[in-house]
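Notes follow once the structure below has been shown.
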Amino acid sequence: MTSPHIRQPASVQRVMMTVLAALLPGIAAYVWQVGAGILVNIAIASVTALASEALVLRLRKRALWITLSDGSALVTAWLVALILPSIAPWWLTVIGVLVAIVGAKHLYGGIGQNPFNPAMAAYCAVIIAYPALMSQWPHIDGLDFATQLHLILGGSREIDGITGATALDAMRTGLRNQVDIHTILSSGTFGFAGGRGWEWIAAGYLVGGFFLLARRVITWHLPIGFIVGMGFTAGVAWLVAPDSFPSPLFHLASGGAMLAAFFIVTDPVTGASSPLGKFIFAAGVGVIAWIIRTFGMYPDGIAFAVLLMNICVPLINHATQPALVGQRKEARP
């Protein structure tokens, strides 16, 4: 058989639809543990993404159907909805999606040309602008669907009794107040590995990630790089001072770690291109995210870590670019 050895048809639409399908186990676990309000936010995000993308394409005088049907806007919308609190008011979800689609994607020329991950740019924008709203996460099984819908659609947010800190925030606050780590973990906020109930959501994303690997939509370099980067850094700190730093399992099972490992750092547009570069990029995200979680002012630093590593992608690509076939790589002075 001669080149180009095409194994199967590949297209942006096929890849994006596969990613959406892979997100379903995590979404199902989210609904099971937190409630169906997340589905409302996903719907709001999806409509906003398609409408804003259509408007920008019309203003740019580009073909609508080809871009709207490729699924990239929906993937961004779903990720934005999943990284915001499930009871975030509708307008916050709309702002986040607009930042992602209009600001982080189309201002740079559209799909394939944006240097920064759109969903992570949206998260950073809204958590800086609306930190109080971004800290309102419902307790597991704490809100029925009617209450969640009321809050999403703009109802009164006097909900201190049924919302609380995430596991990452509770852990960081407790350690800074010099509370023993075992005492912190004994509270109802924590489960067997991370935040109570959130371990199942992380497991759902893990299942979806294995599906992407099996379908060869992503390669192992990115999720393994992220897991090694965060897990190794957290493991060293934990072994040195187990009373001051939580275990690697806690970090990997809490927050958006598994979502990041399989669905965020794997963005083919804003990440590195070579196999070694992919591993370095993802490991860098994991290390920086752990540093921000541990010493920064935000409980989960994955979004900031991704954007910082996005800046480093040209350098990583340059340093890890393999030699062309038939050419020897020149020795560096």
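The values are calculated or read from the model by the stated rules, or taken from the named source; none is laboratory data. In this text the structure is predicted, and so the values were computed from the model without any measurement. Glycine also receives a Cβ, built like all others from the backbone with ideal geometry; neighbour counts cover every protein chain displayed. Note: areas computed on protein heavy atoms with side chains; ligands, DNA, RNA excluded. Shrake-Rupley method; radii C 1.70, N 1.55, O 1.52, S 1.80 Å.
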P(r) weight above 20 Å for the range 96-243, C-alpha pairs, percent: 68
Dipole of the range 11-164, Cα-centred, from +1 at each Lys and Arg C-beta and -1 at each Asp and Glu C-beta, to the nearest 20 debye? 760
In Å², nearest 10: area of HIS106 left accessible to a 1.4 Å probe: 20
Which residue, CYS312, SER274, GLY194, has the largest displacement toward the positive end of the dipole of the range 176-316 when charges sit on each Cβ (Lys, Arg +1; Asp, Glu -1)? SER274
For TRP137, which sequence-distant residues (separation of 5 or more, or a different chain) have an amide H within less than 5 Å of its own amide H, given hydrogens modelled in the peptide plane? GLY164
Roughly to the nearest percent, how much of the accessible area of the chain is carbon and sulfur, given a 1.4 Å probe? 67
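Could you give the size of the charge dipole of the chain about its Cα centre, using +1 on the Cβ of each K and R and -1 on the Cβ of each D and E, expressed in debye and rounded to the nearest 20? Spell out each step's value before the answer.
Details: 18 positive and 13 negative charges, 277 e Å.
Charge dipole of the chain: 1320 debye, to the nearest 20.
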Output the direction-averaged projected area (hull surface divided by four) of the convex hull of the alpha-carbon atoms of the range 194-333, in nm². 10.4
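How much area per residue is accessible in the chain when the probe is 1.4 Å and only protein heavy atoms are counted (Å²)?
On the way: 16150 Å² over 333 residues.
Result: 49 Å² per residue.
Return the inverse of the average 1/r over all pairs of distinct C-alpha atoms in the chain, which is the Kirkwood hydrodynamic radius, in Å to one decimal.
On the way: mean 1/r = 0.0483 Å⁻¹.
Hydrodynamic radius (Kirkwood, Cα pairs) of the chain is 20.7 Å.
Which peptide among 292-298, 129-135 comes first, and what is the full order, when sorted by highest mean count of other Cβ atoms within 10 Å? It would help to have the intermediate numbers written out before the result.
Working: 292-298: 16.1, 129-135: 14.4.
Highest mean packing first, the order is 292-298, 129-135.
Which of the peptides 274-285, 252-263 is most tightly packed, and how do the rest follow, judged by the mean count of other Cβ atoms within 10 Å per residue?
Descending packing order for the listed peptides: 252-263, 274-285.
With runs of 4+ DSSP H residues as the only contributors, calculate the mean residue ellipticity of the chain at 222 nm using -39,500 (n - 2.57) per run, divided by the residue total and rounded to the nearest 500. The partial results should precede the final answer.
Details: 14 runs with 189 residues, N = 333.
Result for the chain: -18000 deg cm²/dmol, rounded to the nearest 500.
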For the range 11-164, just the Cα set please: Rg and Dmax, both in angstrom. 15.8, 50
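Which sequence of CYS312, CYS124 reflects their accessible areas, 1.4 Å probe, from the largest down?
Numbers: CYS312 50, CYS124 10 Å².
Result of the area sort, largest leading: CYS312, CYS124.
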When the Cα centres of the range 110-147 and the range 255-292 are compared, how far apart do they sit, in Å? 19
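Gain in length, ALA214 to TYR108, computed as 0.36 nm per residue apart minus the alpha-carbon separation, to one decimal in nm?
Working: separation 106, 0.36 × 106 = 38.16 nm, distance 3.20 nm.
Result: 35.0 nm gained on full extension.
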